[in-house]
Amino acid sequence: MNGVWASVVAVAGTLLGVLATGLLQRWISVRAEREAGLQRLREAAIMLADALTDYRGRLYWETSLRSSAETTPEQEGEARKESWASRSQVNYAMNRLRLSTRDDSLLELATAARDATFGVQTQTCTPHEAREQQHAFLRAVAALAPQSVQPVFS
């Protein structure tokens, strides 16, 4: 009879061990997927922030050339061409961000940053306001970081 009980305890222990191992593996897998998703989101956010910054810089350069008496029409045309290419990069980065998250509040902040930056061209927004919108977006992304990583923006 002692042998039967020992076998029952051994089988129960084995089953509990398998269950615990399976649950632990699932937890690790879910956590790894979440971290990978956050990493993709951070990369998309960085890509958007870089594209916004580059576009504002090109707008500044285009405005500087336009106000200079020494600027040739070719230089002005080239600056405008580079500015539009940079604007396209902003739209590409927005597309990547949209595919990286379903968080509507984050997408609204990104859209506000994009629209503010586009508003610099039409002078409906100042570069300072556009940068502030971009920083608000980046703060929201940084707040999604795991607790072990301290956000850069505060």
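Any read-out appearing in this document is the output of simple, stated calculations on the displayed coordinates, not a laboratory observation. Just so you know, these numbers come straight off a predicted model, no measurement behind them. Reconstructed Cβ throughout: ideal geometry from the backbone, glycine too, with neighbour counts over all protein chains shown.
On a 0 to 90° scale, report how tilted helix 104-122 is relative to the longest principal axis of the chain, with both axes built from alpha carbons and the result rounded to the nearest 10.
It works out to around 10 degrees.
Compute the orientation-averaged projected area for region 31-91 from the convex hull of its Cα atoms and round it to one decimal in nm².
4.1 nm²
Could you tell me how far the Cα centroid of region 12-42 sits from the Cα centroid of region 101-143, in Å?
36 Å
Which whole-number percentage describes the relative contact order of the chain, with Cα contacts under 8 Å and a sequence gap of 6 or more?
Relative contact order of the chain: 23 percent.
Where does the chain land at 222 nm, in deg cm²/dmol rounded to the nearest 500, when only DSSP H runs of n ≥ 4 count, each adding -39500 (n - 2.57), divided by all residues?
-30500 deg cm²/dmol
What FRET efficiency comes out for the pair Ile46/Glu74, r = Cβ-Cβ distance, R0 = 30 Å, nearest 0.05?
Taking R0 as 30 Å, the efficiency between Ile46 and Glu74 is 0.35.
Subtracting the Cα-Cα distance from 0.36 nm times the residue separation, let me have the gained length for Trp27 to Trp61 in nm, one decimal.
Extending this stretch completely gives an extra 7.2 nm.
Mind giving me the nanometre distance, one decimal, between the label points for Glu108 and Trp5, set 7 Å out from Cα along Cα→Cβ?
So the label points at Glu108 and Trp5 sit 6.5 nm apart.
In region 38-76, which GluC sites (Glu not before Pro) fall in coil by DSSP and have 10 or fewer other Cβ atoms within 10 Å?
For GluC sites (Glu not before Pro) across region 38-76 that sit outside H, G, I, E and B with at most 10 neighbouring Cβ atoms in 10 Å, the list reads Glu70.
With label points built 7 Å along Cα→Cβ from the Cα atoms of Glu82 and Leu16, find their separation and express it in nm.
7.0 nm
Could you state the orientation-averaged shadow area of the convex hull built on the Cα atoms of the chain, in nm² to one decimal?
12.8 nm²
Quick check on the exposure proxy: order Thr122, Thr14 from fewest to most C-beta atoms within 10 angstrom.
Thr122, Thr14
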